[in-house]
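Visitor: Could you have a look at this structure, given as structure tokens, before my questions?
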Amino acid sequence: MPNIVVVGTQWGDEGKGKVVDVITPHVNVVVRYSGGNNAGHTVVVGREKYVLHSIPSGVLHPGCRCVIGCGVVVDPGSLIEEMESLVRRGVTLDSNLFISKNAHVIMPYHPALDRASEAKLGARRIGTTGKGVGPAYADKAARVGIRMADLLDERLFREKLEANMAQKNRLLREIYDAPTFSVGEILNSYLRYAGWLAPYITDTALLLSRWIDSGYSVLFEGAQATMLDLDHGTYPYVTSSSTTAGGAVTGTGVPPTRIHGVLGVAKAYTTRVGGGPFPTELTGPIAEAIRARGNEYGATTGRPRRCGWFDSVVLRYAARINGLDTVALTKLDVLDQCETVRVCTGYRYQNEILTDFPEDETTLAGVEPVYEDISGWMSPTSGVTLEADLPAKARRYLERVEELTGVPLCLVSTGAVRHDTILCEDSPLLRWFPSVRSSLF
Ligand code: GDP
Ligand code: IMO
Ligand code: MG
């Protein structure tokens with residue numbers, strides 16, 4: 001049974017939640033391997049809209065086992081709220097959610113430090129989600145972090161918390177001039193959370209290994225995206241985790257030899273939230289039209305997303321870094337009213353044309369996109385489920401995207417709901433999940 005990684009190829013919000021939801025009926029397990037509640041993955045089922053932050057998007061399918069891997073950072077208060085809100089809406093969570101003992105915990109001082117450090121950065125601020133994700137990963141790397149298992153051992157938790165608080169409170173007070181925290185209050189609330197979450201905390205790497213041994217199929221749900229990866233993204237304007245396909249290995253404990261393929265999710269255009277370079281960014285009426293039609297406002301923070309044209313330099317880079325076997329292209333319908341659709345084929349830098357994404361900040365700051373113009377289809381594609389029913393010009397656009405990225409498309413999404421999905425001819429998904437055709441029609 002295939003184990004497949006789903007990864008964002010741009011700057012996030014490509015529609016990973018929808019794609020994971022479409023594939024989930026064909027797998028037994030969905031595991032999140034990176035990020036935290038900075039993610040916002042939307043799944044629309046009929047008239048119901050769910051935004052998942054820390055819980056894998058597979059949760060909406062009864063029987064799917066959902067795992068929060070060791071590469072994730074967990075804000076227990078936010079996770080419990082998310083769980084309660086799902087349960088109120090009739091979603092089952094009792095026996096199908098598993099949280100890694102080794103996942104690091106977001107403590108109340110992490111969001112405080114996140115916001116204080118952003119304020120200090122001024123014009124060079126990253127534009128984080130303010131959820132404390134960066135400071136939590138910083139503590140993990142500095143080997144002072146608190147892990148989920150620590151919460152279950154009161155003595156050890158108190159010891160680690162006291163050691164941390166002495167330093168964090170000084171940092172908050174003396175460097176950032178920000179309010180401090182009391183050990184007692186944090187201890188009380190986090191021990192309560194620990195009691196609540198204890199039944200879910202386990203050795204998820206061992207579970208995953210056993211499940212794979214017994215023939216289960218696992219989907220790795222990426223959060224954020226390639227260009228936000230700590231090593232491979234547009235550093236320092238990135239998140240603090242390994243969002244790329246490699247993160248699926250370290251973030252779960254499943255070895256690379258047990259992963260069979262990588263599916264990239266890309267929007268038919270590009271968006272970015274927060275600061276940092278964005279070569280194909282648009283301003284003015286076209287950007288506004290795309291933002292309005294695509295409802296491009298952050299699922300976690302509500303911030304308006306920056307919008308721009310599809311960038312094949314970014315996609316080729318994502319294909320190389322993640323080893324993409326195939327791409328699911330989303331939100332084609334958002335471009336329905338564009339007279340001309342532009343695709344970036346390369347970057348002009350000084351007197352050169354770059355076709356490979358430049359990794360250094362200085363070069364990236366000086367690039368100008370080179371565009372190819374494609375005639376817009378100017379007719380509705382919303383809800384189309386067959387490639388043959390797409391306007392010829394939209395099909396031409398898809399062909400050009402495939403040619404420029406060098407990766408075959410498996411799915412094209414034409415709306416937010418599950419069934420607004422086209423399964424491409426010879427879709428690589430059929431190789432992994434032969435029954436996907438019957439589930440989409
Ligand atoms: P994720 O973080 O990658 O899961 O993506 P988000 O959920 O943050 O953002 C994607 C948004 O686009 C969500 O509101 C989805 O419901 C919506 N969406 C997904 N696919 C499509 C599509 O093909 N067409 C349209 N119009 N909306 C879509
Ligand atoms: P999903 O999984 C889009 C961005 C933030 C900021 C940078 C660092 O829904 O695609 P952080 O809070 O992680 O330290 O912020 O990363 N960012 C996202 N942008 N989608 C996301 O998640 C994001 N998660 C973080 O806007 O620029
Ligand atoms: Mg999102």
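Visitor: Taking the Cα centre of each part, how many Å lie between the stretch 218-296 and the stretch 332-390?
Guide: 17
Visitor: Around S34, under 13 Å between beta carbons, what's the net of Lys plus Arg minus Asp minus Glu among the other residues?
Guide: 0
Visitor: Same structure, new question: Would you work out which of V72, T257, L335 lies farthest towards the positive end of the dipole of the chain? Charges go on Cβ: Lys and Arg +1, Asp and Glu -1.
Guide: It is V72.
Visitor: Rg/Rh for the stretch 291-410 to two decimals, with Rh computed the Kirkwood way over all alpha-carbon pairs.
Guide: 0.98
Visitor: Among P285, P304, L228, which residue has its Cα positioned farthest towards the positive end of the charge dipole of the stretch 202-342, with +1 placed on the Cβ of Lys and Arg, -1 on the Cβ of Asp and Glu, and the dipole taken about the Cα centre?
Guide: P285
Visitor: Can you tell me which aspartates and glutamates have their Cα less than 14 Å from the Cα of K18? Leave out same-chain residues fewer than eight positions away.
Guide: Here the aspartates and glutamates satisfying the reach criterion relative to K18 are E48, E221, D420.
Visitor: Only helical DSSP H runs with n ≥ 4 go in: add -39500 (n - 2.57) per run for the chain, normalise by residue count and round the 222 nm mean residue ellipticity to 500 deg cm²/dmol.
Guide: -9500 deg cm²/dmol
Visitor: List the lysines whose Cα lies under 17 Å from the Cα of K168, skipping any in the same chain that are fewer than 8 positions away.
Guide: K120, K131, K140, K160
Visitor: Could you sort the peptides 136-146, 215-225, 104-114 by per-residue average Cβ neighbour count (10 Å cutoff), highest mean leading?
Guide: Descending packing order for the listed peptides: 215-225, 104-114, 136-146.
Visitor: Here's something else I'd like to know. Sort the following peptides by mean Cβ neighbour count (other Cβ atoms within 10 Å, averaged over residues), highest first: 150-156, 305-311.
Guide: Ranked by mean Cβ neighbours within 10 Å, highest first: 305-311, 150-156.
Visitor: Given Cβ point charges of +1 (Lys, Arg) and -1 (Asp, Glu) and nothing else, what value in debye, to the nearest 20, does the dipole of the stretch 183-231 about its Cα centre take?
Guide: 260
Visitor: Could you tell me whether the chain comes out rounded, prolate or oblate from its Cα gyration tensor? Rule is a ≥ b ≥ c as square roots of the eigenvalues, rounded for a/c under 1.5, then prolate if a/b exceeds b/c, otherwise oblate.
Guide: The shape class here is oblate.
Visitor: Which net charge results when you count Lys and Arg as +1 and Asp and Glu as -1 among the other residues whose beta-carbon is under 13 Å from that of L121?
Guide: That sum, taken over residues with Cβ under 13 Å, equals +2.
Here, each number is a calculation from the coordinates, and none is a lab measurement. Note that the coordinates shown come from a computational prediction; the quantities given were computed from them, not determined experimentally. Backbone-built Cβ (ideal geometry, glycine too); neighbour counts: all protein chains shown.
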